[in-house]
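Below is one structure, written out as structure tokens; the observations come after it.
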Amino acid sequence: MHTGRILFAQLLDFVPRHEFNRCVRRYRGNHRTRRFSCWDQFLSMAFAQLTGRESLRDIETCLRALHPKLYHAGIRGRVPHSTLADANETRDWRIYADFAQVLIGVARTLYAHEEFGVHLDQTAYAFDSTTIDLCLTLFPWARFRRHKGAVKLHTLIDLRGSIPCFVCVTHGKIHDVIALDYLLLEPGSFYIMDRGYIDFARLYRFNEALAFFVIRAKRNLDYQRRTCRPIDKSTGLRADQTIVLCGPKTSQQYPIPLRRITYFDAETQKRFVFLTNNFALPALAIAQLYKCRWQVELFFKWLKQHLHIKAFYGTSENAVKTQVWIAISIYVLVAIVKKRMNLGQSLNEILQILSITLFENTPILQAFSLIDQQDQEATMSNQLELFNF
């Protein structure tokens, strides 16, 4: 006999259902749909992400085994793999992209005062991309090289909480720098990028938007030094200069002065040169900001290791984008749960716990507190007692 609410249903309490329905109506997702709604599709794909299902048949088999509990999870009927495949192929991926943005807005509010290693009043973003290899035979629309297919995830994350704010899925041939054209720049914010994004015409757009960038310079930069500022070499700084570009093309694309900062990292024994249009922050803070860019790499690593985006349930562009956006929604949802319930576990640990307890009748807070209690008992049992009576 079923008593209480299963963990999956409790997790869905953190999902704003009315906002999801609004996204569905915006793109007429449930038009001429009788049984398998967009909500059913989202729940099935969320189940697949949380439990690490490998294929559509795997999803169908596991959900069939859990059939008595599906009603309590909000899934009203059977989920044949063909029905789920058709939904992924035909229903507009923008439904789930828009809904992910709703969750992102909630998460960014919760993590607005989170520390990220640099004392900064403004918002700081890290921008980068990752490539996911695909079989060209199955994904002909994603041509990357002659015998290889791929898609790129161009991602902008808020360093406070590592929350993805902007994600653009393109085929592998799209150069990273082109993704800068899709960004809506926020005045006063910092955008941290690697040197693959150097395009001075596009970087000049940051000045016009009253935004700041921090980017690693290329070695063959043609410039002329205007002024130098004093530095403390014990911190790793080697130079803090105001420069102007001298190249016949770059000087026209970026006609105003830049700030050039040289930093030596004693741990890696590497020398870094940064360019920025911000002249107010201390030079060391600029170097520390760039170091925080590594958070976007960790986000990509976490996404690929713990969610299902390296292999896809469908082969169309719509199915791929649907799966990516639902995976991002699950990542942000777990971050929301962690913050609202003040959980001490990492996102990885939370996801692992959910993967094996998703259909248990345990209260969600108790499921995580039991882990803490077991860890404490294990630690105490390993301690040697000074007096043993």
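Points to keep in mind about this one:
- Cα-based helix-to-principal-axis angle, 17-26 vs the chain, degrees rounded to 10: 70 degrees
- Given the choices [x] 92, 60, 37; [y] 78, 72, 39; [z] 72, 46, 45, Cα extents along the principal axes in Å derived from the coordinates of this structure is entry [y].
- Normalised contact order of the stretch 198-257, rounded percent, pairs of Cα under 8 Å and 6 or more residues apart: 34 percent
- Dividing the convex hull volume of the alpha-carbon atoms in the stretch 264-362 by its residue count gives 201 Å³ per residue.
- Whole-number percent relative contact order across the chain, with pairs defined as alpha carbons under 8 Å at least 6 apart: 21 percent
- Rounded Å value of the spacing that divides the Cα centres of the stretch 252-279 and the stretch 160-191: 21 Å
- Only lysines eight or more places from K270 in sequence, or on another chain, were considered; those with a Cα closer than 25 Å are K218, K233, K291, K301.
- Given charges at beta-carbon only (K, R positive; D, E negative), |dipole| of the chain in Debye: 1460 debye
- Sorted by Cβ density within 10 Å, fewest first, the residues K291, K270: K270, K291
- Exposure proxy order (Cβ contacts within 10 Å, fewest to most) of K338, K218: K218, K338
- Set of aspartates and glutamates near K339 by C-alpha distance (under 16 Å), chain-local residues within fewer than 8 positions excluded: D13, E114, E115, D158, E349
- Take the Cβ atoms of R145 and L347, set R0 to 35 Å, and the FRET efficiency comes out at 0.55.
- In the chain, helical runs assigned H by DSSP with n ≥ 4 each contribute -39500 (n - 2.57); averaged across all residues and rounded to the nearest 500, the mean residue ellipticity at 222 nm is -12500 deg cm²/dmol.
- In the stretch 252-299, taking the dipole from charged Cβ atoms about the Cα centre, the farthest positive-side position among N277, W294, P257 is held by P257.
- Legend: ranking of residues W325, W294, W39 from fewest to most surrounding C-beta atoms inside 10 Å; resulting order W294, W39, W325.
- Each of K249 and A201 was given a label point 7 Å from its Cα along the Cα-to-Cβ line. The distance between the two points is 0.9 nm.
We did not get these values from a lab; they are worked out from the coordinates using the rules stated. The model shown is predicted, which means the values in this text are computed figures rather than measured ones. Virtual Cβ from ideal backbone geometry, glycine too; neighbours counted across all protein chains shown.
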